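Have a look at the structure below before the remarks.
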Amino acid sequence: MSHVSFMPRRDFALWEKLANGRKLYSFDFELTARCNLNCRHCYINLPVSDKDARAAELSVAEISDIADQAIELGALWCLITGGEPLLRPEFSDIYLMLRRKGLLLSVFTNATLIQPDHVSLFKKHPPQAIEITVYGATSETYERITRRVGSYTKFLHGVESLLEAGLPVSLKAMALRSNLHEMKAIAAFAKSQSREIYRFDPHLILRYDRNAERNREIRSERLTPAEIVALERADSERFGSLLRNCEHYIDKAHEQTTSDHLFFCGAGRNTFSLGYDGTFRLCSALFAPGTTVNLRECSLRRAWEELVPRVRNLRSADPDYLKTCRRCALVNLCEYCPAHADLETGRLDGATPYFCELAHARAAAIEQSSVQRAEKDEMVG
């Protein structure tokens, strides 16, 4: 996700420093793909009643075994996400089991299912963070997105219960067509409720299951590049960080690369994603054929030591890609990556014009602001 302060996803020296021989530090675990909400933009949610999805979910014993393997490889941190993780009746057992193994835990939840026993669990065994997405500042907008009547009231109650208990709650937002008119109000609400840093994410990922109808809906919720840049410029902290570090985001040296490697991001460097059904992925969005393996059929060590290097060594022979995206100086302003390209086009090196337009819009905003600042400094001088 995008953050208040941009982080160069492709700062090669930084990634190499963090990698330290590609040591495993953390993993994301999708406890379930099912969700009690039906958000218009969601890339993963399946109905609560989906029997096949429920049957495919890893058991507590299987989760424990994979966690042990991850810890043996060096993992210290686990992000519990979904779907909606609190849907699992064994959530408390899973949470405590992972905590007792010594893992630092964070939880992503929509907060609509928060009950007193969850609050007691988190208060007694605090997670590092509980992240909750605010879909709207009013029930009308919130429930237009979630498509669940009464979900706004449940969300407010869940957030209030967690905050009253003094838990580390972070509120964030997805910037959508359906809530664009409330983004200022959403930010104000989030900042008034939590002392943690507020952030919003304008990047809507397409469906993991490649559902064509749902993908059309996701695309309809995407903001234009101009709208995204306007939101980012309105956030002084976010855009200020971008301006202060623009030399890291517009990398002219990258234009000289001759590498044909597809993966030049951090996927599989120090972390991996574990699907609800045991699917091992280098990152949460990477589902391309040949890039995943099921840990019910393969050890984590084998996946980490054999699959990851093989995937990261994949290359492109597409001359158009090698002349454009692979050598673009705006690489750190772009949402492009092989995983996203595959979801968008069916190819790891597929062209993604929307991402390109956004990167150029961000670069233009940086240049305009830099010129204005220089002119202002000249006038003052």
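The figures follow:
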read-out: Residue list for segment 288-306, restricted to those being touching a residue at least 40 places away in the same chain (Cβ under 8 Å), touching a helix residue (DSSP H, G or I) at 6+ places or on another chain (Cβ under 8 Å) and either of a type in the set (A, V, I, L, M, F, W, C) or in a helix (DSSP H, G or I) (or both); value: A288, L295, L300, R301
read-out: Residues of segment 94-149 satisfying the condition of being of a type in the set (G, A, S), in contact with a Leu (Cβ under 8 Å, 6 or more places away or on another chain) and either buried (at least 20 other Cβ atoms within 10 Å of the Cβ) or part of a helix (DSSP H, G or I) (or both); value: A111
read-out: Subset of segment 345-381 (residues that are among the charged types (D, E, K, R) and at pLDDT 90 or above); value: R347, D349, E357, R362
read-out: Hey, L286 out of contact with any Lys or Arg (no Cβ under 9 Å at 6 or more places or on another chain) and either modelled with pLDDT of 95 or more or at positive phi (or both) or not; value: yes
read-out: Restricting segment 50-65 to residues that are acidic (D, E) and in a loop (DSSP other than H, G, I, E, B), the residue that is farthest from L37 (Cα to Cα); value: E57
read-out: Those residues of segment 159-205 which are over 23 Å from E140 (Cα atoms) and of a type in the set (D, E), in sequence order; value: E164, E196
read-out: Tabulated pairs, segment 50-73, first closer than 15 Å to P85 by Cα, second among the hydroxyl-bearing types (S, T, Y), C-beta under 9 angstrom, 6+ apart or interchain; value: A53/T32; A53/Y276; R54/T32; A56/Y276; E57/T32; E57/Y276; L58/Y276
read-out: Condition met for E221 (farther than 19 Å from L348 by Cα and free of Cβ contacts under 8 Å to residues at least 12 places away in the same chain); value: no
read-out: Pairs, first without any contact (Cβ under 8 Å) to a residue 12 or more places away in the chain in segment 245-273, second part of a helix (DSSP H, G or I) and of a type in the set (A, V, I, L, M, F, W, C), C-beta under 9 Å, six or more apart; value: T258/L322
read-out: F264 being modelled with pLDDT under 95 and closer than 22 Å to Y25 by Cα; value: yes
read-out: Residue ID - farthest from Y152 (Cα to Cα), chosen from residues in segment 27-85 that are among the hydroxyl-bearing types (S, T, Y) and surrounded by fewer than 19 Cβ atoms within 10 Å (Cβ to Cβ); value: S64
read-out: Within segment 313-357, tally of residues that are of a type in the set (D, E, K, R) and within 13 Å of A288 (Cα to Cα); value: 4
read-out: Some residue of segment 353-365 being in contact with a helix residue (DSSP H, G or I) (Cβ under 9 Å, 6 or more places away or on another chain) and under 18 Å from V311 (Cα atoms); value: no
read-out: Residues satisfying the stated conditions in segment 313-327, i.e. in a loop (DSSP other than H, G, I, E, B) and crowded, with 20+ Cβ neighbours inside 10 Å; value: none
read-out: In segment 195-252, the residues that are over 21 Å from E357 (Cα atoms), surrounded by fewer than 16 Cβ atoms within 10 Å (Cβ to Cβ), at pLDDT 85 or above and among the basic types (K, R); value: R195, R210
read-out: Flag for R310 being among the charged types (D, E, K, R), in contact (Cβ under 8 Å) with a residue 60 or more places away in the chain and assigned to a helix (DSSP H, G or I); value: no
read-out: Test for S284: is it under 18 Å from E344 (Cβ atoms), in contact with a strand residue (DSSP E or B) (Cβ under 6 Å, 6 or more places away or on another chain) and touching a residue at least 12 places away in the same chain (Cβ under 8 Å); value: yes
read-out: Scan of segment 257-280 for residues that are within 14 Å of A339 (Cβ to Cβ) and of a type in the set (A, V, I, L, M), ordered by number; value: L262, A267
read-out: Given (1) more than 25 Å from H203 (Cα to Cα); (2) modelled with pLDDT under 95, index of the condition R301 fails; value: (2)
read-out: Enumeration of residues in segment 271-299 that are farther than 25 Å from E335 by Cα and aromatic (F, W, Y); value: Y276
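The values are calculated or read from the model by the stated rules, or taken from the named source; none is laboratory data. Worth saying up front: this structure is predicted, and the values here are computed from it rather than measured. Neighbour counts are summed over all protein chains in view; Cβ atoms, including those assigned to glycine, are modelled from backbone coordinates with ideal geometry.
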